[in-house]
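The values are calculated or read from the model by the stated rules, or taken from the named source; none is laboratory data. All figures in this text were calculated on a predicted structure; none of them were measured in a lab. So basically every Cβ, Gly included, is an ideal-geometry build from the backbone, and we count neighbours across all protein chains shown. All accessible areas refer to the heavy atoms of the entire protein, side chains included, with ligands and DNA or RNA removed. Shrake-Rupley method; radii C 1.70, N 1.55, O 1.52, S 1.80 Å.
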Amino acid sequence: MPNSETRILLVDDSDDDIFLVREAFKESGVAHRLDAISDGEAALSFLREDGNRPDVVLLDINMPRFSGFDVLEWVQSDPSLRDIPIVMLTTSEQPEDVRRATEGGARDYFRKPVEFSGLRELACSVLDRWGQDRSAGREITDDAGTSDGDTSA
């Protein structure tokens with residue numbers, strides 16, 4: 001039986017932002033699994049592991065070790081991963097960052113909303129666009145803060 005929950009990989013170095021994104025996705029009511037990674041280098045390791053293929057990656061730009069642009073470039077250069085949708089989720093409004101992300105293969109670019117309601121709308125939009133099961137009422141699983149790629153349920 002195929003997995004009906006949407007797998008989301010969130011790559012962000014802000015614990016506060018990770019918490020808020022988790023809450024926004026929980027409130028969506030749509031079956032999902034959200035894995036959170038706190039830096040680009042760890043994200044690359046996570047994506048290399050069997051069984052860790054997300055339906056969509058939410059990627060911050062400014063992070064330690066490898067930036068979001070570094071991760072985007074690496075994913076796009078790997079034939080086995082380049083079809084995973086990458087959505088930039090960042091505080092940057094710089095036109096150069098938007099251009100670089102879209103030319104680099106990002107499917108979308110969102111500035112992190114200031115209000116939680118905006119983040120909730122963004123979560124619903126992501127699940128609607130890349131979700132595996134758009135029907136509400138299914139159990140939601142959510143990784144409880146793992147940043148090392150260990151997401152066993």
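Of everything listed in (1) touching a helix residue (DSSP H, G or I) at 6+ places or on another chain (Cβ under 7 Å); (2) more than 13 Å from Gly105 (Cα to Cα); (3) touching a residue at least 40 places away in the same chain (Cβ under 8 Å); (4) surrounded by 18 or more Cβ atoms within 10 Å (Cβ to Cβ), the single unmet condition for Ala43 is (3).
Residues that are more than 24 Å from Asp83 (Cα to Cα) and in a helix (DSSP H, G or I) within the stretch 101-121 comprise Phe116, Ser117, Gly118, Leu119, Arg120, Glu121, listed in sequence order. Please go through the stretch 83-100 and pick out each residue that is surrounded by 16 or more Cβ atoms within 10 Å (Cβ to Cβ) and outside any loop (DSSP other than H, G, I, E, B). Those that are surrounded by 16 or more Cβ atoms within 10 Å (Cβ to Cβ) and outside any loop (DSSP other than H, G, I, E, B): Ile86, Val87, Met88, Leu89, Thr90, Asp97, Val98, Arg100.
Whether any residue in the stretch 15-28 is open to solvent by 20 Å² or more (accessible area, probe 1.4 Å), in contact with an Asp or Glu (Cβ under 7 Å, 6 or more places away or on another chain), in a strand (DSSP E or B) and touching a residue at least 60 places away in the same chain (Cβ under 8 Å) is what I want to check. The answer is no; no qualifying residue exists.
Taking each residue of the stretch 79-105 that is over 22 Å from Ser125 (Cβ atoms) and looking for partners that are surrounded by fewer than 18 Cβ atoms within 10 Å (Cβ to Cβ) and basic (Lys, Arg) with beta-carbon atoms closer than 8 Å, six or more apart or interchain, yields Leu81/Arg53.
Taking the conditions exactly as written (under 13 Å from Met63 (Cβ atoms), in contact (Cβ under 8 Å) with a residue 40 or more places away in the chain and out of contact with any Leu (no Cβ under 8 Å at 6 or more places or on another chain)), does Asp12 satisfy them or not? Considered against the rule, which asks whether it is under 13 Å from Met63 (Cβ atoms), in contact (Cβ under 8 Å) with a residue 40 or more places away in the chain and out of contact with any Leu (no Cβ under 8 Å at 6 or more places or on another chain), Asp12 comes out as no.
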